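Everything on this sheet refers to the single structure shown next.
Coordinate-derived values only; no laboratory data. Remember, predicted model here, so these are calculated numbers, not experimental data. Cβ placement follows ideal geometry from the backbone for every residue including glycine, while neighbour counts extend to all protein chains displayed.
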Amino acid sequence: MRAAAVLLLLAALASACDTAFDPRVEDAEAFAVFGTLDGRAATQRLRVQDLAAPLFETPDRLPATVTSTELTTGQTTAWRDSLVTLVTGDRAHVFLAALAVAPGETHRVEVVRAAGGARSTVTIALPAPSVAPRPQDSTDTAVQVDVAGLGGRLVDPVVRYGVRRPADAAGPSVPAAAVPHAPAGGLLVPAFLATAEVRAGAILYGSAEDGDAVLTDARFEGVVVSEAPQPVANGVGGVAWAVPISIPIPFASESVTRVGFIDGR
Amino acid sequence: MTRTALLLALLALGAGPARAQADLFGVVADAETAAPVAGATVALVDAAGAVQGRAAGTEGQFAFRGLAPGRYLLRVTAIGYRPSSDTLALAAGERRDLAIGLAPATATLDAVEVEAAEALTIREPGLARLRPADLAALPTADPGGDLAAGLLVQPGITTLGDRGGQLSVRGGTPTQNLVLVDGIPIFQPFHLLGGYSALPAGVVRSADVYAGGWPARFGGRIASVVDVAGRTGHKRRVGGAATASPVLVGAELEVPVVPGDVSLLASARRSVVEDAGDVLGIALPYRFSDGFGKLHARLDATSTLQATALVSTDAGDLGLDGSRVTTRQEAAGGQFFSISSAFAAAIDVSAYWSRFETTFEPVGAPLRTAEVETFGGRFGYVYYVGRHTVRTGIQASSYLFQYAFRPDVVTEQNTSEGSVFVDADLDLGRGLRLEPGVRFQTFPAQAQPSSVEPRVLASWVLGRQVLRAAAGVYRQEIVGLTNQADVGDVFTAWTTVPTSLPVPTAVHGLVGWEGALGAGVRAGVEGYRKRLTGQTILIDGRLRSTNGEALGVEVTAGYRRPGLRVDARYGAQSLTYRDDAGAYQPPFHRPHRLTLDGRAERGALSVSAALQLTSGRPYTRVVGAYLDLGEAVARGLPIETALGPPTTQFVDDAYGERTPPYARLDLAVEWAARIPGARAVVQAAVLNVTDRANVFYYDALRAERVDQLPLFPTLGLRIETE
């Protein structure tokens, strides 16, 4: 009996110990934000999740406001909440903004909790690449340029030539795939063999009696996308970016003739 | 190695018997089942009253060599059996093989136990030996009992919760424990519902639990060894038992296939706790079942052949989030054992096969599957040299692994291992025994293909006191990877250690004292230190190689008198892991643990109780949960419809907080009645009597706390044929 009493007493004492357990850290990090600022789209979209809420209980409205500010101009855009249903049947909040983003801009997106003011932020700087020609090697038919300030991964690079024939002042444009090189020095060097690429555009056909076609300009085009999403401060997730670019390639006059008069037939 | 060989040569030369002397070899076995009685005390008294003693080995074997011709009194005692005495007349040069049958002493079990408790047995350091009486004394949710109940009250064994079946021993991870059933390795010996293993108490003959410092004959794990011997069936009559409770229904059957020589024992259980939980309003979404069979044959007086098979299945949801886990463990093996005075040796030859498969389907994430299969064999040879024993053995195993963390990416591996061990049990006189040994283990396909693991154990009996010490090196090339960050995830993928990581290694050192203090009281204390290097653990999908140190002390005390037994155990531990994340205490660290249990019997009634008090466990605070859409963003998928795995965001301070302490009191009352040809036991039990809300884990996906078992009443019935 004494042993039983001791056991019960110990159990009662132990049970009287506090059992409070709250492993959550309130507002240490507020929101999860995922998405891409896309220069090709007129409307931007971000998925925003409240870290403080149960994952599978999505309220009709997220208790948060989302705004973005373009830091160069100071222009602020309010994003609006929308609710989507996933294939799993769960719901999710997608915030939308009628916002065009362009190279060289920097956007700061802020998600602020309605009560308490906890905020998660992410700042996306869109690159403004530039193109510069390399001194041409007289023995090489390739024209090489350095592209600087990409800040990301170049997708589907294209060199677009503008040509004009004497009889056609407006002239057509001829796209040709660039051949990326990665020389020592680190910068991307799209090199294009003028002969090969221009021949690919048979539209240059015809150095007829109305005169030879001439190259009027060349542009380096493509889409630059972020290597990795920009991490969210005081939150989790990441926001990527994608911007189309179209940059004139300055070229020396001698390369014009060499490029422009390749294929007569 | 050279030193060991020299020692063995010296032993063989110096301690060999003279031609005129006699040898006595034998096996102590249960008179009814022919099961070996491991640990039986065999005393030989000569005409002058001089006593020589031996402790029977795991197969009940013993040997006396170099005896002077003459008459002897042979007395054999063991817990749970009536003492046996006989007189022997040994002639000069005689070699005799002897089979000793001990009659069970069920009617006077307690008295025998008290006697045995007073006479300290010589056991190895770090070892706790569980017998059926120990398991029967603990309150469980059904009257059939279970091996797990006996393990869970050990001071150095902690569990992550009463769900999941994950046991940690003295700072090791749950997959660092070697569990053998009749020599067959079992990858998943426990059911998801805590308190239940694949083995009901009724099929367990003994379980040796080495919490550290085990001898060279065991290898391949670094935290503990649980060496379970299955019971053998009755050789002369058909018997059986049936159990029904709100947790499970089960049956056991024993049949003499060849009366007197061959028996079969079979057991099957199936859980019903899911349905009972519904009735009680407690979410217990588990189903499990297990089956055990053992065929045992006595070939002659000192030779046996046995075959064992085991199957265990689980399906369940550990928390509330609907993530399903399934497991299936299958195993089979056979063993031949013989001891013979003609060779002055004992041999055992065994072969085994074991397979484990598991699946886990987390909410919103791909199905994971894992499978491991091993087969192999052992040859063991024991040579008796005077009072000394030299044990050696060789083992070879092959492993096949297959796992997939997503259905379309399946990894398959295979590897083989071989090992050789030698250890000598040296009786140095004056109660001092020394057991030096060495194990050589090789994994030809691994980056670190071989290891030499020296071990040494010592014990010194001083009257009613015994001092013990052990030290050794242990290595584990086959690892089970379980996400340690989330106790709700018990998915385990077994594999070889990645070649880029070091092989997990532990160095154990322990020293202890145990004494019989009189009046039925015995006590003990054991301190240990484990230096851990290269622990391969998985946290948040990242493999870490961790070093660590475990330091602890365990105190035990027991009281026995007829009709009453009480045990108290306390363990204090300091466990620190260190890796590139810094220093931290892993989730199975428990600074303090106290267990009290006891059983009192009066007539047909008995009351048992078990109290567990344990420090809170380390955990990492949670920021929240979200669907990780990172991959969708990287691949440029439309964000409106993107899906990703549910992910928990933790704070950077890993395991910086502790859960509230764990406390649980279980009570059981049994009433036993004899009915014609059988014994019926009605058990009423209440688990977690005080209905304490013990934290199991935090379901971050639902922002809900998940507690362990609440107050759970059961009423069970067991009928055993007599």
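Each residue of segment B:210-224 is assigned a 3J(HN,Hα), and the resulting list reads 9, 8, x, x, 6, x, 6, 6, 10, x, x, 9, 10, 9, 6 Hz, derived from the Karplus form 6.51 cos²θ - 1.76 cosθ + 1.60 (θ = phi - 60°), x at Gly and Pro. Positive-end ranking of B:GLY240, B:SER197, B:VAL257 along the dipole of segment B:140-259, with charges on Cβ about the Cα centre, is headed by B:VAL257.
Taking Cα centroids, how far is segment B:233-259 from segment B:565-615 in Å? Centre-to-centre (Cα) distance: 33 Å. Counts of other chain beta carbons within 10 angstrom of each beta carbon in peptide B:654-660 average 2.
What's the angle, to the nearest 10 degrees (0 to 90), between helix B:109-118's Cα axis and the longest principal axis of chain B? It is inclined by approximately 80 degrees. Going by Cα centres, segment B:264-285 and segment B:643-705 are how many Å apart? First find each Cα centre; the distance between them is then 15 Å.
Each label was represented as a point 7 Å from its Cα along the Cα-to-Cβ direction; for B:ASP408 and B:ARG531 these points are 4.8 nm apart.
Model label sites at B:LEU637 and B:ALA48, defined 7 Å from Cα along the beta-carbon direction, differ in position by 8.7 nm.
Please state, as a whole number in µm²/s, the translational diffusion coefficient that the Stokes-Einstein equation yields for chain B at 25 °C and 0.890 mPa s, with Rh defined as the Kirkwood radius across alpha carbon pairs. Using the Kirkwood radius from Cα pairs, D works out to 92 µm²/s. Close amide H partners of B:VAL257, meaning residues 5 or more places away or on another chain with modelled amide H under 5 Å apart, are B:VAL262, B:SER263, B:LEU264.
Computed from backbone phi, the HN-Hα couplings of segment B:80-87 come to x, 10, 6, x, 10, 10, 7, 10 Hz, rounded to whole numbers (Karplus: 6.51 cos²θ - 1.76 cosθ + 1.60, θ = phi - 60°; Gly and Pro given as x). Once the Cβ-Cβ distance of B:ASP86 and B:VAL607 is raised to the sixth power relative to R0 = 41 Å, the FRET efficiency obtained is 0.55.
Tell me the label-point distance for the pair B:ARG674, B:ALA99, using the 7 Å Cα-to-Cβ offset, in nm and rounded to one decimal. Result: 3.0 nm between the two label points. Legend: mean number of C-beta atoms from other chains within 10 angstrom of residue C-beta atoms, peptide B:353-361, equals 0. Here the 3J(HN,Hα) profile of segment B:338-353, calculated from phi with Karplus coefficients 6.51, -1.76 and 1.60 at θ = phi - 60°, is 8, 10, 8, 6, 4, 9, 6, 7, 10, 10, 9, 10, 9, 9, 8, 9 Hz, Gly and Pro shown as x.
Which value, in debye to the nearest 20, gives the size of the charge dipole of chain B about its Cα centre, when Lys and Arg are +1 and Asp and Glu are -1 at the Cβ?
For this selection, approximately 2140 debye.
Highest-first packing order for the peptide set B:324-331, B:639-646 is B:324-331, B:639-646, based on the mean count of other beta carbon atoms within 10 Å. Both radii were evaluated on the Cα set of segment B:167-272; the Rg over Rh quotient, with Rh as the Kirkwood radius, amounts to 1.04. I need the calculated FRET efficiency for the pair A:ALA41 and B:ASP653, taking r as the beta carbon distance and R₀ as 35 Å, to the nearest 0.05. Computed FRET efficiency for A:ALA41 and B:ASP653 comes out at 0.30. Under 5 Å from the amide H of A:ALA118 lie the amide H atoms of A:ARG113, each residue being 5 or more positions distant or on a separate chain, with H modelled from the backbone and absent for Pro and chain starts.
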